[in-house]
Amino acid sequence: MLTIKNLHASVDGTPILRGINLEVKAGEVHAIMGPNGSGKSTLASVLAGREEYEVTEGEVIFQGKDLLEMAPEDRAREGVFLAFQYPVEIPGVSSTNFLRTALNQVREYRGQEPLDAVKFLSLMKEKMKLVEIDQKLLSRSLNEGFSGGEKKRNEIFQMAMLEPTLSILDETDSGLDIDALRIVSNGVNQLKSDKNATIVVTHYQRLLDYIVPDYVHVLYKGRIVKSGTKELALELEEKGYDWIKEEVDSATV
Amino acid sequence: MSKDNQILEEFTSKEYEHGWSVNYEADEAPIGLNEEIIRWISAKKEEPEWLLEWRLKAFRTWKTMEEPEWANIHYPKVDFQKLRYYSAPKQTKKPKSLNEVDPELLAIYERLGISLNEQKRLQGIAVDAVLDSVSVATTFKDTLGKLGIIFCSFSEAVKEHPELVKKYLGSVVPMTDNYYAALNSAVFSDGSFCYIPKGVRCPMELSTYFRINAANTGQFERTLIVAEDESYVSYLEGCTAPQRDENQLHAAVVEIYAAAHAEVKYSTVQNWFPGDKEGKGGIYNFVTKRGICAGDHSKISWTQVETGSAVTWKYPSCILKGDNSVGEFYSVAVTNNMQQADTGTKMIHIGKNTKSRIVSKGISAGKSQNSYRGQVQVMKRATNARNFSQCDSLLMGDRCGAHTFPYIDIQNPTAKVEHEATTSKIGEDQIFYCNQRGIDTEDAVALIVNGYAKEVLNQLPMEFAVEAQKLLALTLEGSVG
Ligand SMILES: Nc1ncnc2c1ncn2[C@@H]1O[C@H](COP(=O)(O)OP(=O)(O)OP(=O)(O)O)[C@@H](O)[C@H]1O
Ligand SMILES: [Mg+2]
């Protein structure tokens with residue numbers, strides 16, 4: 001579904017991603033871990049099409065199409081979803097209005113009729129149950145004054161509404177309380193199918209008890225320096241990143 | 001160029017939609033301004049002697065006045081001798097009903113999306129259509145007449161209801177109030193008149209639609225709204241003009257009189273031609289709007305969505321004379337390209353327990369300058385006066401300017417006045433967030449801007465709120481990413 005080959009990206013001339021290779025197949029869950037500042041969010045942003053990151057080398061193929069050629073909104077319409085590490089506030093725009101605009105633009109791109117108000121609201125109701133989100137939250141301005149956990153939960157609610165093919169969850173677990181973590185993970189798991197895939201960026205092994213990954217990758221200094229199965233996450237939890245850093249840093253000297 | 005600027009650039013390249021004009025035979029005054037011209041206009045309109053005298057008095061005062069320069073706007077001086085002060089579409093005889101109005105004139109309004117045909121009109125809105133200097137048609141007169149509501153052109157009111165006109169004309173905005181108001185008093189050509197009798201709730205929106213068509217013609221209309229005790233009316237004004245290289249002058253006066261327990265809502269969606277991207281052409285919009293809450297418990301509420309004009313100078317105000325009266329001002333002012341707006345309000349608290357509320361949302365894009373100027377004045381006897389002001393500015397790009405000039409003058413220690421102001425930039429983050437959900441940049445800007453202006457748009461009658469939303473999006477098309 002997604003093939004990343006030798007991806008390099010920089011900000012203001014500073015290289016941040018320095019040769020990422022990754023293959024994600026339909027039905028899979030990939031976890032990306034790594035120390036602060038290693039480039040995890042950058043990778044997510046580059047995939048989503050954020051323009052301040054300049055791709056200097058490499059390619060990304062998504063369902064047979066050159067992802068890097070597409071405008072951010074077209075990537076979204078093609079089925080790429082990013083749950084933001086820091087969701088943005090949009091004053092005066094309710095989640096409901098926002099999502100309706102988004103969903104109908106996605107549908108239009110796919111040649112589908114727009115959803116009328118009744119159908120849209122019943123879809124909302126259904127998806128609200130999935131992440132146990134309160135109606136009151138959705139009639140408020142998007143993310144404005146939401147608590148950290150509410151913002152994250154709202155991201156997953158949007159994901160549920162838009163039914164993406166590839167979901168990238170950037171530290172969705174941070175800021176969630178224990179119950180919310182379980183609820184949100186349940187939601188993600190229920191949305192999983194053999195037709196879509198998920199990339200979860202996290203610092204904590206605990207999330208991976210709920211959303212069980214097929215692969216775990218360690219990102220360090222803009223490269224994937226180690227890949228393994230979910231056991232790798234347990235090992236990292238126990239030993240930290242130093243041993244990997246040492247391995248990498250001594251190899252590159 | 002940063003991404004912000006680049007997208008801004010694209011957005012601001014949007015063309016004005018109502019930039020066409022139509023050729024029709026017109027009845028015109030000679031170019032220039034002097035007492036002869038004023039007599040000519042007055043004669044043309046078959047006005048009574050007292051009105052001619054009133055005009056001449058205004059003209060004589062105007063000649064002694066100086067054009068104001070305190071506003072934060074810069075434009076080449078208007079040569080008042082080079083303007084034409086009266087231009088009316090030639091109609092062989094005065095139309096008695098809509099059926100007799102020249103179809104060509106009706107077509108102009110159809111093209112603007114305003115149907116004057118009562119059957120086709122959306123229910124619940126009566127329209128007075130003003131083309132250049134005169135009112136061409138007023139709809140739903142009979143329906144309103146049954147309730148005792150008078151809604152007609154100003155000229156007709158002078159003929160049919162001279163006692164009312166004489167009583168209220170200039171009672172809220174004295175002829176010598178300011179430079180442009182004096183000019184308007186001297187040369188005003190037409191406008192709308194509205195009278196709501198005691199205890200009547202006007203069952204439909206009343207609306208005036210102003211269109212400038214002729215070249216080199218100033219438009220000087222006058223609107224007078226009188227709401228008697230316990231009456232209610234919601235009034236809407238819309239405006240467009242053709243695209244021309246030369247600046248055109250629009251200097252209107254609106255007066256509102258609200259008696260005890262009366263409520264008047266006045267909404268404006270202003271879309272005069274703003275000039276081109278380089279700042280060539282466009283309307284100079286110098287308008288005096290004022291309402292008086294004369295009776296106790298009366299209320300006047302101004303809502304404006306200002307998107308057009310090259311230069312805007314406009315401060316809809318409320319004189320809160322009656323005890324417990326309420327004044328409100330809700331404004332969205334958008335400037336793009338080279339537009340300049342200096343707009344705001346005055347709330348003058350005279351009566352006891354008077355309340356005012358000001359919500360101003362400025363949006364600047366391109367190289368435009370957008371200023372809010374507001375005055376809150378609490379007089380000695382206005383015990384327990386309350387004011388709340390919220391002035392927000394939204395900037396798109398880094399070549400535009402937003403300015404806030406609040407003036408507060410309090411002469412009674414029991415007054416409570418609150419003022420809040422914010423300035424924000426439309427964020428690349430917000431737009432990217434929308435993009436990531438599948439919303440393209442143009443719609444993202446529209447969504448964000450409408451969200452920002454929501455509190456004001458919510459004040460508009462439903463149908464116009466939708467129109468205003470579209471207009472905001474259109475004005476800013478191409479201006480951010
Ligand atoms: N817009 C930017 N301008 C300058 N530097 C940036 C920018 N975005 C990212 N960086 C830098 O790139 C590096 C990688 O950042 P990134 O946010 O991708 O890390 P991360 O792995 O997601 O970290 P965390 O675990 O803290 O979320 C950091 O050193 C960061 O400071
Ligand atoms: Mg991160």
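Summary of computed values
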| item | result |
| --- | --- |
| Set B:D342, B:D409: member being more than 23 Å from A:P91 (Cβ to Cβ) and open to solvent by less than 10 Å² (accessible area, probe 1.4 Å) | B:D342 |
| Unmet requirement for A:M161, which otherwise passes all of (1) out of contact with any Lys or Arg (no Cβ under 6 Å at 6 or more places or on another chain); (2) away from ligand 2 (no atom under 16 Å from the Cβ) | (1) |
| Those residues of region B:53-92 which are within 18 Å of B:R222 (Cα to Cα) and either of a type in the set (A, V, I, L, M) or without any contact (Cβ under 8 Å) to a residue 12 or more places away in the chain (or both), in sequence order | B:E53, B:L56, B:A58, B:A88 |
| Region A:1-21, residues that are more than 23 Å from A:W243 (Cβ to Cβ), away from ligand 1 (no atom under 14 Å from the Cβ) and not basic (K, R) | A:M1, A:L2, A:T3, A:I4, A:N6 |
| Matching residues, region A:51-107, being of a type in the set (S, T, N, Q) and part of a helix (DSSP H, G or I) | A:S95, A:T96, A:N97, A:T101, A:N104, A:Q105 |
| Matching residues in region A:46-70 - criterion: being open to solvent by less than 20 Å² (accessible area, probe 1.4 Å) and within 16 Å of ligand 2 (Cβ to nearest atom) | A:V46, A:L47, A:A48 |
| Selection count, region A:95-109, where residues are open to solvent by 70 Å² or more (accessible area, probe 1.4 Å) and either within 22 Å of the chain's Cα centre (by Cα) or small (G, A, S) (or both) | 2 |
| Helices (runs of 4 or more DSSP H) enclosed by region B:413-481 - at least 2 residues per element that are away from every other protein chain (no Cβ under 13 Å) and surrounded by fewer than 18 Cβ atoms within 10 Å (Cβ to Cβ) | B:462-475 |
| Hey, B:I348 in contact (Cβ under 8 Å) with a residue 40 or more places away in the chain and either in a strand (DSSP E or B) or open to solvent by 10 Å² or more (accessible area, probe 1.4 Å) (or both) or not | no |
| Test: residue in region A:74-94 that is more than 17 Å from the chain's Cα centre (by Cα), more than 16 Å from ligand 1 (Cβ to nearest atom) and open to solvent by 50 Å² or more (accessible area, probe 1.4 Å) | yes |
| Which listed residue is open to solvent by 50 Å² or more (accessible area, probe 1.4 Å), within 16 Å of ligand 1 (Cβ to nearest atom), touching a residue at least 24 places away in the same chain (Cβ under 8 Å) and not aromatic (F, W, Y), from A:K192, A:K226, A:K221, A:K151 | A:K221 |
| Total residues in region B:260-286, condition buried (at least 24 other Cβ atoms within 10 Å of the Cβ) and either in contact with a Lys or Arg (Cβ under 6 Å, 6 or more places away or on another chain) or acidic (D, E) (or both) | 0 |
| Enumeration of residues in region A:128-172 that are within 14 Å of another protein chain (Cβ to nearest Cβ) and aliphatic (A, V, I, L, M) | A:L142, A:I156, A:M159, A:A160, A:M161, A:L162, A:L166, A:I168, A:L169 |
| Spans of helices (runs of 4 or more DSSP H) in region A:205-253 with at least 3 residues β-branched (V, I, T) | A:242-252 |
| Total residues in region A:22-58, condition farther than 22 Å from B:G427 by Cα and more than 12 Å from ligand 1 (Cβ to nearest atom) | 14 |
| Conditions (1) within 15 Å of ligand 2 (Cβ to nearest atom); (2) open to solvent by 10 Å² or more (accessible area, probe 1.4 Å); (3) in contact with an Asp or Glu (Cβ under 9 Å, 6 or more places away or on another chain): number failed by A:T42 | (3) |
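Conditions (1) within 26 Å of A:K226 (Cβ to Cβ); (2) within 14 Å of chain B (Cβ to nearest Cβ), marked per residue:
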{"residue": "A:G49", "(1), (2)": "no, yes"}
{"residue": "A:E59", "(1), (2)": "yes, no"}
{"residue": "A:F62", "(1), (2)": "yes, no"}
{"residue": "A:D66", "(1), (2)": "no, no"}
{"residue": "A:R107", "(1), (2)": "no, yes"}
{"residue": "A:A117", "(1), (2)": "no, no"}
{"residue": "A:E126", "(1), (2)": "no, no"}
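The values are calculated or read from the model by the stated rules, or taken from the named source; none is laboratory data. This is a predicted model, so every value here is computed, not measured. Virtual Cβ from ideal backbone geometry, glycine too; neighbours counted across all protein chains shown. What goes into the accessible areas is simple: the full protein's heavy atoms, side chains included, and nothing from ligands, DNA or RNA. Shrake-Rupley method; radii C 1.70, N 1.55, O 1.52, S 1.80 Å.
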